[in-house]
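Asks: Handing you this structure, nothing more for now.
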Amino acid sequence: MMNLSSTMNAYGCRYCVSPLKQLLHTTNHHLRFRPCSPSLFSSSFNNLKLPNFNLLLTSNSFFFTMEHLWDRSGMNTNKKMVEHLQQYGVISSEKVARVMETIDRALFVPDKTPAYADCPQEIGYNATISAPHMHATCLQLLEEKLQPGMHALDVGSGTGYLTACFAMMVGPQGRAIGVEHIPELVASSINNIEKSAAAPLLKKGSLSMHVGDGREGWPECAPYDAIHVGAAAPEMPQALLDQLKPGGRMVIPVGNIFQDLKVVDKNPDGSISIRSESSVRYVPLTSRDAQLQS
Ligand code: SAH
């Protein structure tokens with residue numbers, strides 16, 4: 001299982017310690033890397049000079065390296081990606097494995113990027129699709145609240161990948177809502193989903209994608225059993241807490257440079273319990289202008 005005390009990086013890459021270390025060595029000596037287990041890769045930041053990190057880990061040269069590494073390791077199908085995540089202990093849930101097998105990640109990443117590498121990919125507009133291990137982690141944290149018939153909200157839905165997974169898990173009697181503030185990403189997420197196994201749910205309306213400021217949630221369909229936030233909030237957004245059902249759970253990265261993936265449970269009496277799952281690095285949950293100018 002994952003080392004919970006370690007830094008888990010949404011931009012990190014678990015199986016590529018050597019090339020990544022090599023890249024970092026030559027480009028940014030402000031980052032310190034340490035393996036947290038023989039198979040897991042984690043990072044910790046020893047000062048604040050971080051901006052190169054996203055660029056470094058999402059740059060073409062990095063993906064060129066990754067593409068070759070993954071080609072050589074035979075990581076060239078969605079099924080193999082899921083098997084690797086299971087093998088390395090990232091996925092322990094059968095249900096999460098099945099849904100990630102069913103929703104082919106290649107339909108959601110831009111052309112010519114290595115769809116199945118455990119790395120994020122740029123999707124334009126200063127946004128990324130999260131790495132498969134982060135998707136798997138969030139699906140597992142929310143699994144209990146993604147039972148058939150339940151309601152789920154995906155804030156910062158980007159490519160629509162995770163919203164599609166949520167929709168498959170809650171099924172046609174449930175509701176999965178994606179909210180994203182870049183209209184072009186919402187349009188392309190709908191195209192992606194239309195090609196995927198979740199297309200019938202989109203057609204039926206149990207899965208829907210919306211343009212909006214996710215900091216306000218999506219009150220029309222609240223309350224939710226599960227809320228996932230795919231971008232880091234500087235502080236816990238009250239509107240999202242309010243839209244969580246008693247007994248519901250939200251998974252949200254909180255922080256600026258240093259971020260924690262928080263698991264927020266709303267107890268049956270309405271009180272809130274919060275724990276930190278791990279340190280992470282996500283793009284900010286912010287205004288559209290701030291994101292486009294960053
Ligand atoms: N989980 C998605 C995208 C992650 S990137 C995926 O894996 O595909 C984070 C996303 O949050 C970006 O698409 C970004 O545009 C979006 N975002 C950032 N701030 C937002 C806000 N205030 N409202 C809605 N979406 C936001």
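The values are calculated or read from the model by the stated rules, or taken from the named source; none is laboratory data. If you're wondering where the values come from, they're calculated on a predicted model, not measured in any experiment. Note that we place each Cβ from the backbone using ideal geometry, even for glycine, and neighbour counts take in every protein chain shown. Note: areas computed on protein heavy atoms with side chains; ligands, DNA, RNA excluded. Shrake-Rupley method; radii C 1.70, N 1.55, O 1.52, S 1.80 Å.
Asks: Please calculate the 1.4 Å probe accessible area of VAL109, with all protein chains present, and give it to the nearest 10 Å².
Replies: Roughly 10 Å² of VAL109 is accessible to a 1.4 Å probe.
Asks: What do you reckon, how do SER130, SER294, SER279 stack up by accessible area (1.4 Å probe), largest on top?
Replies: Ranked list, largest accessible area first: SER294, SER279, SER130.
Asks: Another question about this same structure. Roughly how many Å² is the accessible area per residue of segment 140-293, as a whole number, for a 1.4 Å probe?
Replies: Normalised by residue count, the accessible surface of segment 140-293 is 39 Å².
Asks: Also, I was wondering about something else. What shape does segment 140-293 take by its C-alpha gyration tensor, where a ≥ b ≥ c are the square roots of the eigenvalues and a/c under 1.5 counts as rounded, a/b above b/c as prolate, and the rest as oblate?
Replies: Details: a/c = 1.76, a/b = 1.12, b/c = 1.57.
Taking the square roots of the gyration eigenvalues as a ≥ b ≥ c, segment 140-293 is oblate.
Asks: Determine, from the Cβ-Cβ distance of LYS95 and ASP289 and an R0 of 35 Å, the FRET efficiency 1/(1 + (r/R0)^6), rounded to the nearest 0.05.
Replies: 0.35
Asks: How much of the accessible area of segment 140-293, probe 1.4 Å, is carbon plus sulfur, in whole percent?
Replies: 52 percent
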